[in-house]
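Colleague: For reference, the structure I am asking about is given below.
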Amino acid sequence: MAAAMALLVSHGYAQENAKKVLFVILDGIPADVMDTVATPNIDKISAIGGYTEASMGGEIGGYSETPTISAVGYNSLLTGVWANKHNVWGNSIKNPNYNYWTIFRMLKEADPTKKTAIFSTWLDNRTKLVGANLPETGNFVFDYYFDGMELDSLNFPHGDDRIYIHKIDEAVSKEAARYISKEAPDLSWMYLEYSDDMGHGFGNSPEMIDGVKKADVQIGRVWEAIQYREETFGEDWLIVITTDHGRTDDGFGHYGQSPRERATWIVTNSKYTNSHFEGTPQMVDILPSIANHMGLSIPKKIAMELDGTPFIGSVEATALKAELKNGEISMNWESLSKGEKGRVWVSTTNEFKTGGLDNYWLVGEVNLDDKQKKFSLDGTQSEIFKVVLETPSGYLNYWIVK
């Protein structure tokens, strides 16, 4: 019996059901392309969990409208908030607001023993977006990273055909598969670029389709590694695959808020997706979904700022909006549950933006089935009203900005 127990431990079953996550960004693949290109490896994953069309870009014409640009999309996933908060507006990543923590920092702050990794075809993902080794991010560091090869023109000679980016994607995906198989970090990010380059270079074209097919092969590698870990060590893995933006109608560009530029997608192996996943989830919904899978407790002051609704686990409401008119705030939301209650909070400060705390007052309790609430401000004047709907499983927020 003792020998049998020792054998089980040696195979890692002492860590049975450990929660692990890999999220993947395949750059610049609009939803209508994913619908038409053969992706057998991605299909295997979605057959277990699901595939859904999604959205990137915030509220059109609203305070949260966010450019459909690569780094902006990555950071919206990493932080769970739109550009008005994380302050990344383009690929130059000039001045990120690190007061909005990434999912990596949230995990490390909650449990410093957890292991993180990044496998990326763009160095700035680690150094600028996540802000590794910066005082502003609490000197966060990855436990493992594999990136920066786009700067290596000796081993990856650059050419206008961008084939060197495909070769880097190959190296990145192979290393991600190897490291996951061997080390199984708790939270990892893999980023692959080549599909976006084919769009910029050739628009809607066979080259773009080929870029998607190449990415599917690379997904197959990490999926095999995840299956190995689950079968051999009894770990509970979540994989989430998405894209950062769609494309203009001709396929060459992206930046604006046209339907095709906003049209993204999400694939996951999770068997615990909720009704929100059946709608049109958004880029900012991925962070709270990852947190739910991992059982990660997000500090209240951060959770009240998140713009996303989880598509994994419990959910009672989504799509909160609020309007100020004649000294009265009108709220409405979409109810995803029956018989649940919530509470409404309001703040007239935005100290969180600079690292401080906001003062909220309790407006009162609501029945979430009602889908709306009106309340008077009693003459209160402010440049901003931050309206928060607290539900049994989390928070929704909306800003009214003058």
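Quick note: the coordinates plus some simple rules give every number you see, no bench work behind them. As the structure is a prediction and not an experimental result, all values here were calculated from the model. Please note: Cβ atoms are built from the backbone with ideal geometry, for glycine as well, and neighbour counts cover all protein chains shown.
Colleague: Which pairs, out of 108/174; 85/301; 94/128, put more than 18 Å between their alpha-carbon atoms?
Modeller: 108/174
Colleague: Which one of 360, 194, 145 has the biggest mean-square fluctuation once the chain is modelled by GNM with Cα springs under 10 Å?
Modeller: Top of the fluctuation ranking is 360.
Colleague: Just to check I understand the Karplus step: with θ = phi - 60° and J = 6.51 cos²θ - 1.76 cosθ + 1.60, what whole-Hz values come out for segment 347-353, glycine and proline as x?
Modeller: Each residue of segment 347-353 in turn: 10, 10, 10, 9, 6, 4, 3 Hz.
Colleague: Taking the Cα centre as origin and putting +1 on Lys and Arg beta-carbons and -1 on Asp and Glu beta-carbons, what dipole magnitude results for the chain, to the nearest 20 debye?
Modeller: 900
Colleague: Shifting gears a bit: Summing Lys, Arg as +1 and Asp, Glu as -1, what charge do residues with Cβ under 13 Å from the Cβ of residue 306 carry, residue 306 excluded?
Modeller: Within the 13 Å Cβ shell, the charges total 0.
Colleague: Give me the distance in nm between label points sitting 7 Å out from Cα along the Cα-to-Cβ direction at residue 224 and residue 314, one decimal.
Modeller: 4.1
Colleague: If packing is taken as the mean number of other Cβ atoms within 10 Å per residue, what is the order of 305-311, 159-165, highest first?
Modeller: Output ranking for 305-311, 159-165: 305-311, 159-165.
Colleague: Place a point 7 Å from the Cα of residue 231 along the Cα-to-Cβ direction; which residues of segment 27-50 have their backbone N under 20 Å from it?
Modeller: The answer is 40-49, whose backbone nitrogens lie closer than 20 Å to the label point.
Colleague: Within segment 317-401, how many Lys pairs that are eight or more residues apart, or on different chains, come under 17 Å at the alpha-carbon?
Modeller: Lysine pairs meeting both conditions in segment 317-401 amount to 15.
Colleague: How much FRET efficiency would the formula 1/(1 + (r/R0)^6) give for residue 357 and residue 160, where r is the Cβ-Cβ distance and R0 is 45 Å, rounded to 0.05?
Modeller: After rounding to 0.05, the efficiency reads 0.30.
Colleague: Can you give the Rg and Dmax of the chain based on its C-alpha atoms, in angstrom?
Modeller: Considering the chain through its Cα atoms, Rg and Dmax are 21.5, 76 Å.
Colleague: May I ask which residue of 81, 66, 144 lies farthest towards the positive end of the charge dipole of segment 30-152, with charges of +1 (Lys, Arg) and -1 (Asp, Glu) on Cβ and the Cα centre as origin?
Modeller: 144
Colleague: A follow-up question, please. Taking the highest mean first, how do the peptides 113-121, 361-369 order by number of other beta carbon atoms within 10 angstrom per residue?
Modeller: 113-121, 361-369
Colleague: Relative to the first principal axis of the alpha-carbon coordinates of the chain, what is the inclination of helix 206-233, with its axis defined by its Cα atoms, in degrees from 0 to 90 and to the nearest 10?
Modeller: For 206-233 against the chain, the angle is about 90 degrees.
Colleague: Quick one: pull the percentage of alpha-carbon pairs in segment 111-240 with a separation above 25 Å.
Modeller: So the portion of pairs separated by more than 25 Å is 32 percent.
Colleague: What are the lysines whose alpha-carbon lies under 16 Å from the alpha-carbon of residue 167, with same-chain residues fewer than 8 places away excluded?
Modeller: Reachable lysines: 213, 214.
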